[in-house]
Amino acid sequence: MNMQHTAYRYRPVLFFALAYLFTWIFWIPAIFIKGNTGTFLMMLGLIAPAVVSTLFVVFSGSDALKKDLRQKIVGFYKVKWMNVLLAILVFAGITACSILLSMAFGQPLSQFSLTEDFSFTGVGIGSALLTILVASIIEEVGWKGYCEDSIGNYMNWFWESMIFGALWSFWHFPLIFIQGTYQAGLMVNPLYVINFFVSGIPLGFIITWVYLASDRSILACMIFHLFVNFMQEKIALTPETKCVETLVVTAATVIIVIVKKDMFFETRHVGRLLESVTAK
């Protein structure tokens, strides 16, 4: 076996430092700059993690890492479609349960309907729907192309999901100050803002489940991410119900982790993520 393929050392701290830097260096000025320039800065920040991730792989000097990225992006055969469908149904069930539970807090049954418009305007790419589509694709290239593996190569997937969920969630922070974004719309109540950032942690576990079940497929995560974003926008959930939803997502996450205990707590992959690539 060529040791060049397996000796690569992932650098998660450097990755996150650069991903945050090259996102926030564009998003923070976008807080103060309006119009086309502001939206262009928003787009540059959005694609930053994907660019950083790709550059990490391209300049890694590891043939295995490059091959791994290609397989994760174009390896349609890796996707376990029934598992992706199951994850989608689970999230749809989470949404339904959240609405039903929210009725105990005075929220309306009419939430079981589609909204007429999105809660935010398109950010630099024409429309809110297109923003959701592009964000789902670009974000997953960044986070699954290098980021999650860079953490998971050093620990079990439970702790990887916990760390990634927190860092991924906080990555969105400048958006709460940029007019027209979904996050900025939450500023009417500090509880809504806190809920947004907390909800990213259990959701990170569910996305990790989708990722691993399809043999680390980026495509599988793109599909699930797109569905989640669409459901969050087009189902008429009230902000209060989204707080309830975080509790339901957390409960669902606990169940998934228990059922998939070996997946989340095994350490056989630690330090060996690229070995399966070299074996092919």
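The values are calculated or read from the model by the stated rules, or taken from the named source; none is laboratory data. Computed from a prediction, not measured in an experiment: that's the story for all the values here. Please note: Cβ atoms are built from the backbone with ideal geometry, for glycine as well, and neighbour counts cover all protein chains shown. Only protein heavy atoms, including side chains, enter the accessible area calculation; ligands, DNA and RNA are left aside. Shrake-Rupley method; radii C 1.70, N 1.55, O 1.52, S 1.80 Å.
Relative contact order for the stretch 165-213 using alpha-carbon pairs under 8 Å, separation at least 6, rounded to a whole percent?
Working: 37 pairs, mean separation 19.7, N = 49.
Value for the stretch 165-213: 40 percent.
Sequence gap at least 6, Cα distance under 8 Å: using those rules, report the relative contact order of the chain to the nearest whole percent.
Numbers: 371 pairs, mean separation 82.3, N = 280.
Once divided by the residue count of the chain, the mean separation gives 29 percent.
Quick one: which residues, 5+ away or cross-chain, put their amide H under 5 Å from the amide H of ILE178? H built at 1.01 Å from N.
ALA184
Can you give the angle from 0 to 90° between the axis of helix 218-234 and the longest principal axis of the chain, with both taken from C-alpha atoms, to the nearest 10?
Compared with the principal axis, the helix lies near 10 degrees.
Short version: ³J(HN,Hα) in whole Hz for each residue of the stretch 46-51, in order, from phi by Karplus 6.51 cos²θ - 1.76 cosθ + 1.60 (θ = phi - 60°), x for Gly and Pro, what are they?
5, 8, 4, x, 5, 5
Determine one quarter of the surface area of the Cα convex hull of the chain, which equals its mean projected area, and express it in nm² to one decimal. Display every interim value, and only then the final one.
Working: hull surface 58.2 nm².
Approximately 14.6 nm², given one-decimal rounding.
I need the phi-derived Karplus couplings for the stretch 167-174: 6.51 cos²θ - 1.76 cosθ + 1.60, θ = phi - 60°, integer Hz, Gly and Pro marked x.
5, 4, 4, 5, 4, 7, 3, x
Can you compute 3J(HN,Hα) from phi for each residue in the stretch 252-264, using the Karplus curve 6.51 cos²θ - 1.76 cosθ + 1.60 with θ = phi - 60°, rounded to whole Hz and x for Gly and Pro?
So the Karplus estimates, Gly and Pro as x, are 5, 4, 4, 5, 4, 5, 5, 5, 9, 4, 5, 4, 7 Hz.
So for each of 50-57, 209-216 I average, over its residues, the number of other beta carbons within 10 Å; can you give me the resulting order with the highest mean first? Could the numbers behind the result be given before it?
Details: 50-57: 19.0, 209-216: 21.8.
Highest to lowest by the protection proxy: 209-216, 50-57.
Given a 1.4 angstrom probe, I'd like the percentage of the accessible area of the chain that is carbon and sulfur, rounded to a whole number.
On the way: 9500 of 12930 Å².
That share works out to 74 percent.
For the Cα atoms of the chain, what angle does the longest principal axis make with the long axis of helix 128-142, in degrees from 0 to 90, nearest 10?
30
For the chain, what is the mean residue ellipticity at 222 nm derived from helices alone (per DSSP H run of n ≥ 4: -39500 (n - 2.57); sum divided by total residues; nearest 500 deg cm²/dmol)?
-21500 deg cm²/dmol
If amide H atoms are built 1.01 Å from N in the plane of the peptide, which residues on other chains or at least 5 residues away come under 5 Å of the amide H of ILE235?
Close amide H contacts, sequence-distant or interchain: THR115.
Evaluate 2.2 N^0.38 Å with N set to the residue count of the stretch 171-280, then give the Cα radius of gyration divided by it. Could the numbers behind the result be given before it?
Values: Rg = 16.8 Å, N = 110, 2.2 N^0.38 = 13.1 Å.
Scaled against compact globular proteins, the figure is 1.28.
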